[in-house]
Amino acid sequence: MGTKAVFLLLALLSFSAVSLRSALAENEEDPGLVMNFYKDTCPQAEDIIREQVKLLYKRHKNTAFSWLRNIFHDCAVQTLSEKEMDRSFGMRNFRYIENIKEAVERECPGVVSCADILVLSGRDGVVALGGPYIPLKTGRRDGRKSRAEILEQYLPDHNDSMSVVLERFAAIGIDAPGLVALLGSHSVGRTHCVKLVHRLYPEVDPALNPDHVPHMLHKCPDAIPDPKAVQYVRNDRGTPMVLDNNYYRNILDNKGLMMVDHQLATDKRTRPYVKKMAKSQDYFFKEFSRAITLLSENNPLTGTKGEIRKVCNLANKLHDKS
């Protein structure tokens, strides 16, 4: 977590609930996304997912970071296997989504989509990290195919300008305060050295807080780190396992690790919201909840579109051939 402009928070397993630019045709039999979609077909679904998240978080606390990021990635792009791409370095623990899927399948075979499991596990992961509980609608279906090549088109990179980041978030309905709130996901997790050494070598970025530089150099001692090595810097050394507004105080103090963090605190379009969230965690949580809700409802496949995958890392036609 912390290697994308969100995370965020979050179609890493080669499935997607999203059709980025095609609106679902009007269909009287398609209820779309609704609250408690599985109340009749699998009434225990959300409880099972919540308990599985708690269990996995207890055993492997870093799983919550991945779930938080997965919300963004699944709801923002439609990819073939994003976890295999360079832009996805650091995305781990996808196997835990399969654990949750298996638990749900034991109760209700073929009913609950991987897309809904991913969104709900992300929602419950936010709670595990001390963040707000966000009521989210369900009823998504899984894509039958996805395309890795659109990743670069829709996901902002940590080195993109703030104009590009704002533009790409606006394209999926997220405004400036929503963007600022989503980037607050950098309050938890860690940033791998491959994503920030350009700020340390060959010369230290003068915009960095000089008191924070020795720690970064200690954690990232190589100008060209091994991309597979476990070398990283905690996004927030104060409360690294808590989703809170400490991130905003850090970046106002020039302790943001990536350029997107620095720009967020300095760009005139986003700085006012950074300052407001630094002062009020309630405001941060309010905007974060709103943005996650918008993100989760970004043109999903519903009704008879797509399918309910048997396993989350393969479309059914590929699973049936294996």
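The values are calculated or read from the model by the stated rules, or taken from the named source; none is laboratory data. The model shown is predicted, which means the values in this text are computed figures rather than measured ones. Reconstructed Cβ throughout: ideal geometry from the backbone, glycine too, with neighbour counts over all protein chains shown. The protein model used for the area step is the full one, side chains on, heavy atoms only, and it has no ligands, DNA or RNA in it. Shrake-Rupley method; radii C 1.70, N 1.55, O 1.52, S 1.80 Å.
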Handout entry: Residue match in segment 236-249 (condition: part of a helix (DSSP H, G or I), of a type outside the set (Asp, Glu) and open to solvent by 20 Å² or more (accessible area, probe 1.4 Å))
Key = yes
Practice task
Mind listing whichever residues of segment 300-319 are in contact with a helix residue (DSSP H, G or I) (Cβ under 8 Å, 6 or more places away or on another chain), open to solvent by 60 Å² or more (accessible area, probe 1.4 Å) and either in the same structural domain as ALA103 (by the TED database) or at pLDDT 85 or above (or both)?
Solution key: LYS310
Completion exercise
Among residues of segment 225-262 being of a type in the set (S, T, N, Q) and closer than 20 Å to ASP160 by Cβ, the residue modelled with the highest pLDDT is ASN254
Practice task
Please list, ordered by first then second residue, the pairs with beta carbon atoms under 6 Å, 6 or more apart or interchain, first in segment 199-213 and basic (Lys, Arg), second modelled with pLDDT of 95 or more.
Solution key: ARG199/ASP205
Problem - Single residue of segment 250-282 satisfying the filter (of a type in the set (Gly, Ala, Ser) and assigned to a helix (DSSP H, G or I)) that is surrounded by the most Cβ atoms within 10 Å (Cβ to Cβ) - result: ALA265
Problem - Output for segment 283-298, where each listed residue is open to solvent by 10 Å² or more (accessible area, probe 1.4 Å) and in contact with a helix residue (DSSP H, G or I) (Cβ under 9 Å, 6 or more places away or on another chain) - result: TYR283, PHE285, LYS286, GLU287, SER289, ARG290, LEU294, GLU297, ASN298
Completion exercise
Counting only residues in segment 214-235 that are surrounded by 17 or more Cβ atoms within 10 Å (Cβ to Cβ) and of a type in the set (A, V, I, L, M), the one farthest from the chain's Cα centre (by Cα) is identified as MET216
Problem - Near pairs, Cβ below 6 angstrom, 6+ apart or cross-chain, from segment 100-121 (in a helix (DSSP H, G or I)) to any residue that is modelled with pLDDT under 95 and open to solvent by 10 Å² or more (accessible area, probe 1.4 Å) - result: ILE100/GLN52; ALA103/GLN52
Problem - Unique residue being among the aromatic types (Phe, Trp, Tyr) and modelled with pLDDT of 60 or more when the list is PHE94, PHE89, PHE65 - result: PHE94
Exercise for the section: Determine if segment 174-189 includes at least one residue that is surrounded by fewer than 21 Cβ atoms within 10 Å (Cβ to Cβ) and assigned to a helix (DSSP H, G or I). Expected result: yes
Completion exercise
When every residue in segment 121-173 that is open to solvent by less than 50 Å² (accessible area, probe 1.4 Å) and among the hydroxyl-bearing types (Ser, Thr, Tyr) is compared, the one modelled with the lowest pLDDT is TYR154
Completion exercise
Here the residues within segment 174-198 that are closer than 9 Å to ALA291 by Cβ and of a type in the set (Gly, Ala, Ser) are GLY178, ALA181
